[in-house]
1. Give, in nm to one decimal, the length gained when the segment between Asp72 and Gln128 is fully stretched (0.36 nm per residue of separation minus the Cα-Cα distance).
2. Just the accessible area for Lys82, please: 1.4 Å probe, Å², rounded to the nearest 10?
3. Describe numerically, in nm with one decimal, the distance between label points set 7 Å from Cα along Cα→Cβ at Ser85 and at Met1.
Amino acid sequence: MTLTQKIERHAIYRDEIMTEIANEIKSFGNDSDLNPIVELVLKSLRDRLGFENSLCFLNLLPLPFKAMFVKDWSIKDAFPGKLESFSSLINEIMSRYTGPSYTRDSKHYISEVAMATFRVIGQHVSRQDFEKMLGILPLSIRMEIKEKAYPVFYDSPDTSIWLS
């Protein structure tokens with residue numbers, strides 16, 4: 001397999017993941033904004049988790065998310081410890097967002113994209129890895145993700161065999 005073929009295969013995987021996220025939010029907003037918001041979800045976490053926790057989180061991500069997570073990463077941009085809640089994560093994303101001007105639904109849309117991002121990540125990693133990822137996050141964010149975005153199939157007895 002040539003390098004070009006490998007790159008194309010990963011690009012297709014990334015496109016499939018973005019389609020899954022769009023399906024999760026059922027096209028609530030403008031899908032052209034989806035990719036930058038998913039990137040901002042990952043970058044906002046990265047910059048607030050601190051270097052060591054960011055590396056641990058990165059190690060557990062599926063490949064397309066890894067690429068978004070490390071894009072434009074500068075260690076000096078990290079501000080660990082500022083995320084106190086899921087709402088503060090959304091506010092962080094909104095402060096970085098440079099897309100079209102906000103409407104009153106923008107915060108809700110960004111929140112939906114963030115939750116969909118975690119649901120799709122959870123569908124592409126093992127339950128153990130997803131639990132490890134959640135363990136890196138602040139408790140309040142972890143609890144909200146578990147409540148709203150925890151992959152449903154982890155609780156199904158039909159899939160427990162292939163996930164273990």
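The values are calculated or read from the model by the stated rules, or taken from the named source; none is laboratory data. Please read these numbers as outputs of a predicted model, since none were measured by experiment. Reconstructed Cβ throughout: ideal geometry from the backbone, glycine too, with neighbour counts over all protein chains shown. Each accessible area value is taken on the protein alone, full model and side chains, heavy atoms only, with ligands, DNA and RNA left out. Shrake-Rupley method; radii C 1.70, N 1.55, O 1.52, S 1.80 Å.
1. Taking 0.36 nm per residue and subtracting the Cα distance, the gain is 17.3 nm.
2. 130
3. 4.5
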